[in-house]
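Below you'll find the structure, written out as structure tokens, and then a few comments.
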Amino acid sequence: MRNEKRNTKSIAHFWEIGGHFLESGLLEIPITTLTMKNSVIVIVCDLSKPHNCIVSLLRSISSIREIITKRMNELQASNVNQVHELKEGIANQFKGHKDGNRIRPTDIPLVIIANKHDTIRSMSLAERKALIQGLRFVAHYFGASLLTVSSNDSNMREMFRGLMNMIGFNSTAKSSYETNFDKAVYITRGQDSYENILLQGIQENTADPGSKIKYRMIASESEMDQYLTQKGVTRDCWNKLTEHMAAIFGECDPLPTHSLSAKGDIDNGENDQNATGDENPFPEPEIDSQRAIRQTALERYIQEMERKQEMIAKLNASSK
């Protein structure tokens, strides 16, 4: 893309990282103290596997927030002003929002892409509403934009291209609040609210009270007080969300045994040799050997990048 004012080309770098539960160290490479200011993180979830969407999304965000926190701590030691700029830039986007005290946006802008939208059209109306409601809730809590896409829908493809141009080249983006889950859902960060999400369709099917609670997390407005406070979202609310999704779509697929730590948390990239059950359940000697070589090379690369960043930080500090 060409910048007409300066007659120069703008270049966007896209890093596609898959399988980061097994290779969490990969997240260390694109997210650095040097790239944070101009970075946007995009998480893609697969709507064709609705039972995995919410839990997998939360796992991904947890891994990402861990890296961001690490980088912010590093930046705090070398450039306090930039830390303030990053935090203020995010906070300003939610200034005046009625949920401003109850959302926890990431320090790097976050976008959630829900792919294979065409596959949910075979679901019942209640299931589609429940899935979109859950995605909206997670996106709103973490201050993320949400877009459903499908390669089979030209309108969604154009929306996706527009979003990528905005992300890659910092082009002006209009606020969007499209919630028609039969066509497309596109909600830019800060445009949704817990009230709109949780009370969605509260008056629908009043002749059949039982039908109202098939897809909604709560059955009445009065229940909101159990899950939302003035300062945040209660643990009961998150439990309710995951239980609600499991009741409709079934339990999330378990992670591979060797990607779980002893506490059952997401793999932090360190293998506990003394823990039981950490062996690879599907050994492939040739592949495992190559993977070990790649893992060693990755660790060396990360160490080298960290060393360079420390040197840059020292040079910046000495020049002040």
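Every number in this text was worked out from the coordinates using simple rules, so none of it is lab data. All values reported here derive from a predicted model rather than from experimental measurement. Neighbour counts are summed over all protein chains in view; Cβ atoms, including those assigned to glycine, are modelled from backbone coordinates with ideal geometry.
Residue-wise HN-Hα couplings along the range 298-309, as the Karplus relation 6.51 cos²θ - 1.76 cosθ + 1.60 with θ = phi - 60° gives them from phi, are 5, 4, 5, 4, 4, 4, 5, 5, 5, 5, 5, 5 Hz; Gly and Pro carry x.
Under 1.5 on a/c is rounded, so check that first for the range 106-168, then, if it is not, pick prolate when a/b is larger than b/c and oblate when it is not; a ≥ b ≥ c are the square roots of the alpha carbon gyration tensor eigenvalues. Write out the running numbers ahead of the final one.
Details: a/c = 3.62, a/b = 1.19, b/c = 3.05.
Verdict is oblate for the range 106-168.
Where both residues lie in the range 14-251, what percent of DSSP beta bridges are antiparallel, nearest 5?
Working: 7 of 17 bridges.
Around 40 percent of the beta bridges assigned by DSSP in the range 14-251 are antiparallel ones.
Applied to the range 97-111, the Karplus parametrisation 6.51 cos²θ - 1.76 cosθ + 1.60 on θ = phi - 60° returns per-residue 3J(HN,Hα) values of 6, 5, 9, x, 8, 10, 10, 10, x, 6, 6, 10, x, 10, 10 Hz, with x for Gly and Pro. With the simple model of a label 7 Å out from the Cα in the direction of the Cβ, residue 182 to residue 293 spans 5.6 nm.
Restricting to DSSP loop positions (anything but H, G, I, E, B) with no more than 11 other Cβ atoms inside 10 Å of their own Cβ, which trypsin sites (Lys or Arg not before Pro) remain in the range 63-131?
Working: sites: 65, 70, 71, 87, 95, 98, 102, 116, 121, 128, 129; in loops: 95, 98, 102, 116.
Passing both the DSSP loop test and the Cβ count: 95, 98.
Applying the Karplus relation 6.51 cos²θ - 1.76 cosθ + 1.60 with θ = phi - 60° to the range 139-149 yields 3J(HN,Hα) values of 4, 5, 4, 9, x, 9, 7, 10, 9, 9, 9 Hz, where x marks Gly and Pro. In terms of distances greater than 18 angstrom between alpha carbons, the cross-link table entries 87/308; 37/70; 129/183; 98/129; 49/129; 70/231 yield 87/308; 98/129; 70/231.
Taking amide hydrogens as placed 1.01 Å from N in the peptide plane, the amide H of residue 44 sits under 5 Å from those of 113, each at least 5 positions away in sequence or on another chain.
Calculate the FRET efficiency for residue 51 and residue 15 from the Cβ-Cβ distance with a Förster distance of 35 Å, rounded to the nearest 0.05.
Values: r = 28 Å, r/R0 = 0.80.
Calculated transfer efficiency: 0.80.
Given axes a ≥ b ≥ c from the Cα gyration tensor, I'd like to know whether the range 14-251 is rounded (a/c under 1.5), prolate (a/b larger than b/c) or oblate. Because a/c hits 1.5 or more and a/b exceeds b/c, the range 14-251 counts as prolate.
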